[in-house]
Amino acid sequence: MKTLVVGLGNPILGDDGIGWVVADAVQERLPQVEVDCLALGGLSLMERLIGYDRVIIVDSIQTKNGRSGQVTTFPLDALPDLSAGHTTAVHDTSLQTAIQLGRQMGAALPTAIQIVAVEAERVYDFSDELSPEVAAAVPEATAVVLDLVQTLFARAELV
């Protein structure tokens, strides 16, 4: 099964760069796994997922009750489909909608997309550094991704 780990975000917007930092750490630990760092969501991200069976996306998240640095994992389907929000352009769409559109057009898209999200507050500050709370979450988020990759590989061997 083809697996892709995507670090999503913008490395010059403070805590929004967490996805890239974790992706780099995963690549160092598992060089045999394909890892990519992207700054675009919606349709552009959907196009990058074509041809993979399983995808793990690492990104920052902002929720009402989360504390900065908190790591959460969930399937893409559990993420609220907010088409307006942090998109790349006014003509873009949510990843959920892009996936649905891609499937309707016959694109070979993953059957499983897992999100590893790190709660962050400073996602619009121009900085190439993570806040102390988010930086402290890098080892935990990396471990979560490594565990997910190992689980995916174990499942693939059983099939």
Those residues that are of a type outside the set (Val, Ile, Thr) and assigned to a strand (DSSP E or B), I need them from the range 57-80; list them, please.
Asp59, Ser60, Phe74, Pro75
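Of Val22, Val26, Val6, which residue is within 14 Å of the chain's Cα centre (by Cα), part of a strand (DSSP E or B), of a type in the set (Val, Ile, Thr) and closer than 24 Å to Glu133 by Cβ? Can you show your working first?
Numbers: Val22 fails: part of a strand (DSSP E or B); Val26 fails: part of a strand (DSSP E or B).
On inspection, the qualifying residue turns out to be Val6.
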Counting only residues in the range 14-37 that are surrounded by fewer than 19 Cβ atoms within 10 Å (Cβ to Cβ) and modelled with pLDDT of 95 or more, the one nearest to Thr111 (Cα to Cα) is identified as Glu34
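Filter the range 9-53 down to the residues that are among the hydrophobic types (A, V, I, L, M, F, W, C) and in contact with a Phe, Trp or Tyr (Cβ under 8 Å, 6 or more places away or on another chain), then identify the one that is farthest from Leu76 (Cα to Cα). Break it down into steps so the answer makes sense when it comes.
Quick first cut of the range 9-53, residues among the hydrophobic types (A, V, I, L, M, F, W, C) only: 12-13, 18, 20-23, 25-26, 30, 33, 35, 37-40, 43, 45-46, 49-50.
Add one more test, that the residue is in contact with a Phe, Trp or Tyr (Cβ under 8 Å, 6 or more places away or on another chain), and what stays is 12-13, 37.
Values: Ile12: 25, Leu13: 23, Cys37: 18 Å.
Checked the range 9-53; the qualifying residue farthest from Leu76 (Cα to Cα) is Ile12.
What number of residues within the range 91-119 are under 22 Å from Ala141 (Cα atoms) and buried (at least 20 other Cβ atoms within 10 Å of the Cβ)? Steps first, answer last, please.
Taking the range 91-119 as the starting set, the residues that turn out to be under 22 Å from Ala141 (Cα atoms) are 95, 110, 112-119.
Next, only the ones that are buried (at least 20 other Cβ atoms within 10 Å of the Cβ) stay: 95, 110, 113-119.
So the answer is 9.
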Name the pairs: first residue in the range 14-25 and of a type in the set (Gly, Ala, Ser), second residue assigned to a helix (DSSP H, G or I), Cβ to Cβ under 6 Å, at least 6 apart or on different chains?
Ala25/Thr142
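The values are calculated or read from the model by the stated rules, or taken from the named source; none is laboratory data. As the structure is a computational prediction, the values presented were derived from the model and not from experiment. Please note: Cβ atoms are built from the backbone with ideal geometry, for glycine as well, and neighbour counts cover all protein chains shown.
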